[in-house]
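> Please see the structure below; I have some questions.
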Amino acid sequence: MGMFETVGRAGAGARKATTLRKLERMRRTLRHQEPDRVPISDFFWGSFTRRWRKELSLPEDANPYYYYDLDWITTVPNMDPWIRPFETLKETPEEVIVKTGYGAILHKHFEFPMPRMEAWEIDTFDKLERCEFDDPCDRRRFCEAGDNQIAGVGDGFERNSRPWRDTVKSLRPDFAVYGSMGEVSECLTRLVGQYNAMLWMAEFPQRMGAVVNRIGAHYLQCAKAEMDAGQGLLDGFVIWGDVAYKKGLFFSPNYWREYFKPWVAQMVEYAHAQGLPVIYHGCGNVQAIFQDFVDMRIDGYNPLEVKAGLDCVDLRRQFGHGMAFCGNSDMQVWETGDRAAIRREVLRKLNAAKGGGYIFQSDHSVSSAVSGPTYDYIVKLVREFGNYPIRLPAEFEESVSW
């Protein structure tokens with residue numbers, strides 16, 4: 001099981017009363033109004049889910065989203081530049097090597113959680129300038145089963161992923177369901193690798209800017225087509241857009257503002273026009289451009305990695321309620337299994353929920369180094385202390401005035 005393989009239960013039917021409360025909880029949170037309690041969800045590695053089932057003696061089909069009745073879930077369509085089946089280059093019981101619709105050659109060893117990128121079809125700047133992607137509005141992206149890299153090759157390995165629209169329909173009875181689309185930086189990482197992307201930005205800044213604009217236009221149309229295909233089915237939208245590492249941006253803030261930001265802003269504008277709130281997922285330390293996300297009216301920011309120096313309580317003091325925060329609970333603390341440290345981490349971060357505007361999640365995703373009992377304890381803490389009005393034990397109370 002991989003991170004994006006959760007599908008709904010057969011014959012689930014209409015939306016439940018509890019699901020409608022989840023929708024209202026998410027809406028109020030993202031509007032910086034206090035709901036009944038702090039929303040909670042996460043992204044789960046397949047290896048974590050297997051460990052969690054075993055350690056809690058759960059059935060083989062047990063799923064954290066359903067078991068804990070979590071509030072929201074993200075779905076992924078086919079974002080591959082070229083819609084085509086994986087080309088299998090090697091396959092054994094221990095590993096598989098495939099070339100995907102990004103032209104990336106990925107080596108997935110089943111013993112390890114993530115694949116390794118070994119090579120790229122687009123391996124020169126000349127090829128990058130000349131390449132043309134498949135139609136962003138092709139219905140196969142949203143309405144047909146098929147191989148796609150994001151859903152198929154990550155912490156798990158899956159061929160012939162289920163049609164995105166069917167997945168959305170199956171999950172709607174139980175969760176607030178968000179669609180998603182990558183922006184340019186996410187595409188470049190998979191299309192040419194981060195080393196090549198940054199090298200070519202340095203060598204050919206204006207020409208690379210033109211490439212960014214061309215890819216940005218493509219993924220803007222993909223996002224619009226997805227929202228149109230999901231008309232009446234989606235409750236929000238996630239933009240995948242890693243542009244930073246633990247110390248700062250991959251490129252200068254001004255370069256990002258000139259070439260990357262406009263396409264993100266247009267995705268946000270279109271989503272808002274459809275009545276969909278937007279959560280931007282960007283790893284690393286983005287403090288240099290955090291105000292830009294506020295200015296673009298991004299509704300929520302995820303994952304706010306602690307290892308990159310981000311702290312949602314401090315960010316609330318700095319930016320007030322200009323944007324909601326989603327995540328920032330330190331995975332490295334979770335992995336220790338130390339109940340006292342975990343309690344301190346979870347309860348302190350709930351200070352950011354005062355006044356609304358905070359969705360509780362890890363600061364990236366739940367890894368296999370987290371035990372089943374540990375995650376169970378975390379959910380119980382949030383459910384106990386995350387009810388409004390937020391009242392925390394005195395030793396964890398902090399002012400978030402700005």
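The values are calculated or read from the model by the stated rules, or taken from the named source; none is laboratory data. All values derive from a computational prediction rather than experimental measurement. Please note: Cβ atoms are built from the backbone with ideal geometry, for glycine as well, and neighbour counts cover all protein chains shown. The area values use the complete protein model at the heavy-atom level, side chains included, leaving out ligands, DNA and RNA. Shrake-Rupley method; radii C 1.70, N 1.55, O 1.52, S 1.80 Å.
> Does Trp72 meet the test of being modelled with pLDDT of 95 or more, of a type in the set (Phe, Trp, Tyr) and crowded, with 22+ Cβ neighbours inside 10 Å?
yes
> State which residue pairs qualify: first residue farther than 18 Å from Tyr280 by Cα and inside the stretch 245-264, second residue outside any helix (DSSP H, G or I) in any location, beta carbons under 9 Å apart, and separation of 6 or more residues or different chains.
Lys247/Gly284; Lys247/Asn285; Lys247/Gly309; Phe251/Val243; Tyr255/Leu249
> Here's something else I'd like to know. Tell me, yes or no, whether the stretch 255-268 has at least one residue that is closer than 18 Å to Gly327 by Cα, within 20 Å of the chain's Cα centre (by Cα) and of a type in the set (A, V, I, L, M, F, W, C).
no
> Just wondering, is there one or more residues in the stretch 365-383 that are of a type in the set (Asp, Glu) and under 23 Å from Gly322 (Cα atoms)?
Scanning the stretch 365-383, I find no residue that is of a type in the set (Asp, Glu) and under 23 Å from Gly322 (Cα atoms), so the answer is no.
> For the stretch 298-330, give me the residue count where each residue is over 12 Å from Lys349 (Cβ atoms) and under 18 Å from the mean Cα position of the chain (by Cα).
11
> Is it the case that the stretch 128-138 has a residue that's open to solvent by less than 60 Å² (accessible area, probe 1.4 Å) and assigned to a helix (DSSP H, G or I)?
yes
> Here's a follow-up. Residue check: is Trp164 buried (at least 21 other Cβ atoms within 10 Å of the Cβ) and not charged (D, E, K, R)?
yes
> How many of the residues making up the stretch 43-61 are surrounded by fewer than 16 Cβ atoms within 10 Å (Cβ to Cβ), not hydroxyl-bearing (Ser, Thr, Tyr) and not in a helix (DSSP H, G or I)?
Adding up the residues that qualify gives 5.
> Moving on to the next point. When you go through Ile83, Ile97 one by one, which is the residue that is open to solvent by 10 Å² or more (accessible area, probe 1.4 Å), in a loop (DSSP other than H, G, I, E, B), among the β-branched types (Val, Ile, Thr) and modelled with pLDDT of 95 or more?
Values: Ile97 fails: in a loop (DSSP other than H, G, I, E, B).
Being open to solvent by 10 Å² or more (accessible area, probe 1.4 Å), in a loop (DSSP other than H, G, I, E, B), among the β-branched types (Val, Ile, Thr) and modelled with pLDDT of 95 or more holds for just one of Ile83, Ile97, which is Ile83.
> Mind telling me which of the residues Lys16, Lys22 ends up being open to solvent by 10 Å² or more (accessible area, probe 1.4 Å) and in contact (Cβ under 8 Å) with a residue 12 or more places away in the chain?
None of the other options fit; the residue is Lys16.
> Report yes if some residue within the stretch 118-134 is charged (D, E, K, R) and closer than 26 Å to Asp228 by Cα; otherwise report no.
Of the residues in the stretch 118-134, the ones charged (D, E, K, R) are 118, 121, 123, 126-127, 129-130, 132, 134.
The next check asks that each one be closer than 26 Å to Asp228 by Cα; those that pass are 132, 134.
So far as the stretch 118-134 goes, yes, one or more of its residues are charged (D, E, K, R) and closer than 26 Å to Asp228 by Cα.
> Output the qualifying pairs, or none if there are none: Cβ atoms under 6 angstrom, residues six or more apart or on different chains, first residue in the stretch 383-402 and closer than 11 Å to Leu350 by Cβ and assigned to a loop (DSSP other than H, G, I, E, B), second residue open to solvent by 30 Å² or more (accessible area, probe 1.4 Å) and among the acidic types (Asp, Glu).
Close Cβ pairs (under 6 Å, with a partner that is open to solvent by 30 Å² or more (accessible area, probe 1.4 Å) and among the acidic types (Asp, Glu)) amount to Tyr388/Glu34.
> It is to be established whether one or more residues within the stretch 348-364 are of a type outside the set (A, V, I, L, M), open to solvent by 10 Å² or more (accessible area, probe 1.4 Å) and part of a helix (DSSP H, G or I).
Scanning the stretch 348-364 turns up at least one residue that is of a type outside the set (A, V, I, L, M), open to solvent by 10 Å² or more (accessible area, probe 1.4 Å) and part of a helix (DSSP H, G or I).
> Follow-up. Inspect the stretch 102-119 for any residue being open to solvent by 70 Å² or more (accessible area, probe 1.4 Å), closer than 28 Å to Val278 by Cα and not basic (Lys, Arg) and give the result as yes or no.
yes
> Hey, Val76 hits all of (1) assigned to a loop (DSSP other than H, G, I, E, B); (2) more than 17 Å from the chain's Cα centre (by Cα); (3) β-branched (Val, Ile, Thr); (4) within 19 Å of Asp235 (Cβ to Cβ) but one; which does it fall short on?
Against the list (1) assigned to a loop (DSSP other than H, G, I, E, B); (2) more than 17 Å from the chain's Cα centre (by Cα); (3) β-branched (Val, Ile, Thr); (4) within 19 Å of Asp235 (Cβ to Cβ), Val76 comes up short only on (2).
> A follow-up question, please. I'd like to check something: does the stretch 193-214 contain any residue that is more than 18 Å from Asp228 (Cβ to Cβ), free of Cβ contacts under 8 Å to residues at least 24 places away in the same chain and of a type in the set (Lys, Arg)?
yes
> In addition: I'm checking my understanding of the structure. Among residues of the stretch 139-161 that are aliphatic (A, V, I, L, M), within 24 Å of Leu234 (Cα to Cα) and under 18 Å from the mean Cα position of the chain (by Cα), which one is least open to solvent (accessible area, probe 1.4 Å)?
Ala151
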